[in-house]
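Trainee: If you scroll down you'll find the structure; I have some questions about it.
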Amino acid sequence: MTGPREIADAIKREALALGFSDARIGPAKALPEERERLERWLTAGRHGEMEYMREGFERRADPELALAGARSIGALALAYYPGDHPPPPTPDAGR
């Protein structure tokens, strides 16, 4: 029987095989500290002309608002710089 860990590992392997630089899966839960950090970032105008960042603030701050009942969130990274890159961060470095 295939469990959640095996499914997550298979998704990550496939993402890397497709050429993504990194693939992570984490729990779909609100992160109050990150919400505050994002709000400060937006208030400081660091989003520039990316108004969608402000418009989607509530959904970005709480995954339950983006997709009710979600249990996990997947994130993919794609490095577009063709040169040498530093090693990827440790698995616990993401938020």
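The values are calculated or read from the model by the stated rules, or taken from the named source; none is laboratory data. Computed from a predicted structure; not experimentally measured. Backbone-built Cβ (ideal geometry, glycine too); neighbour counts: all protein chains shown. With ligands, DNA and RNA removed, areas are computed over all heavy atoms of the protein, side chains included. Shrake-Rupley method; radii C 1.70, N 1.55, O 1.52, S 1.80 Å.
Trainee: According to a simple spin-label model (label point 7 Å from Cα along Cα-to-Cβ), what is the distance in nm between ARG54 and ALA66?
Mentor: The two pseudo-label positions are separated by 2.1 nm.
Trainee: If you fit an axis through the alpha-carbon atoms of helix 32-43 and take the longest principal axis of the Cα set of the chain, what angle between them do you get, 0 to 90°, nearest 10?
Mentor: 50
Trainee: Given Cα pairs under 8 Å that are at least 6 residues apart, what percent is the relative contact order of region 1-67?
Mentor: Once divided by the residue count of region 1-67, the mean separation gives 29 percent.
Trainee: Excluding ligands, DNA and RNA, what is the solvent-accessible area per residue of the chain at a probe of 1.4 Å, expressed in Å²?
Mentor: 84
Trainee: Can you give the calculated 222 nm mean residue ellipticity of the chain, where each DSSP H run of n ≥ 4 adds -39,500 (n - 2.57) and the sum is split over every residue, rounded to the nearest 500 deg cm²/dmol?
Mentor: When only DSSP H runs of four or more count, the value is -11500 deg cm²/dmol.
Trainee: Taking Rh as the Kirkwood radius, which is the inverse of the mean 1/r over Cα pairs, what is the Rg/Rh value for region 25-76?
Mentor: Checking Rg against Rh, the ratio lands at 1.00.
Trainee: Leaving out ligands, DNA and RNA, and with a 1.4 Å probe, what % of the accessible surface on the chain is carbon or sulfur?
Mentor: It is 56 percent, rounded to a whole number.
Trainee: Across the Cα atoms of the chain, what radius of gyration and what greatest pairwise Cα-Cα distance (Dmax) are found, in Å?
Mentor: 15.8, 50
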